[in-house]
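Comments concern the structure below.
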Amino acid sequence: MDLIKAFTYVYILFFVLAGINHFLNPSFYDSLVPKFIPYPRLAHQLTGVIEIILPLLLLTRYKQNAALLMIIFLILIYSANLYVWIEGLPYGKKVFTNIEHIYRLLLQVLYVAFAYIIYKYD
């Protein structure tokens, strides 16, 4: 098995587990949803469903489409992280410093970059 394929499986597992976590620890995500979005729990549970289904599509013949949708999804959901940063809200019980938020942004860029690698990978 080559390295990209192995990392793809880890990537998929990470996002599926993150999606499941939206249902196991919903109160953690409630505060991350911007106040102007109605029904915050429903909003993050829908996000959780997408985080479960979309990565699994990377295992199908629709891999390239799923990778492009993953890129769009990752860019859109970063807005919640940006909201937390701007508002100074905690992630769980911890308020991130600006440096930690920058690391979080870089991590999101890596997620997007790897989705692009999956898109280009045969």
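Key figures for this structure:
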{"quantity": "Residue list for the stretch 70-92, restricted to those being aliphatic (A, V, I, L, M) and over 11 Å from the mean Cα position of the chain (by Cα)", "calculated": "L82, V84, I86, L89"}
{"quantity": "Qualifying residue in the stretch 52-68 (condition: under 21 Å from P40 (Cα atoms), in contact (Cβ under 8 Å) with a residue 12 or more places away in the chain and not in a helix (DSSP H, G or I))", "calculated": "no"}
{"quantity": "Residue list for the stretch 87-106, restricted to those being assigned to a helix (DSSP H, G or I) and under 14 Å from V33 (Cβ atoms)", "calculated": "E87"}
{"quantity": "Test: residue in the stretch 65-72 that is surrounded by 13 or more Cβ atoms within 10 Å (Cβ to Cβ), farther than 30 Å from K120 by Cβ and aliphatic (A, V, I, L, M)", "calculated": "no"}
{"quantity": "Test: residue in the stretch 74-85 that is touching a residue at least 40 places away in the same chain (Cβ under 8 Å), in a helix (DSSP H, G or I), out of contact with any strand residue (DSSP E or B) (no Cβ under 8 Å at 6 or more places or on another chain) and more than 24 Å from L32 (Cα to Cα)", "calculated": "no"}
{"quantity": "Selected residue [among the aliphatic types (A, V, I, L, M) and under 16 Å from the mean Cα position of the chain (by Cα)] from V95, V49", "calculated": "V49"}
{"quantity": "Selection count, the stretch 1-42, where residues are of a type in the set (G, A, S), surrounded by 11 or more Cβ atoms within 10 Å (Cβ to Cβ) and either without any contact (Cβ under 8 Å) to a residue 12 or more places away in the chain or assigned to a helix (DSSP H, G or I) (or both)", "calculated": "2"}
{"quantity": "So Y62, is it surrounded by 14 or more Cβ atoms within 10 Å (Cβ to Cβ), modelled with pLDDT of 95 or more and among the hydroxyl-bearing types (S, T, Y)", "calculated": "no"}
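The values are calculated or read from the model by the stated rules, or taken from the named source; none is laboratory data. Please read all numbers here as calculations on a predicted model, not as lab measurements. Because the Cβ atoms are built from the backbone with ideal geometry, glycine has one as well, and the counts that use them run over all protein chains shown.
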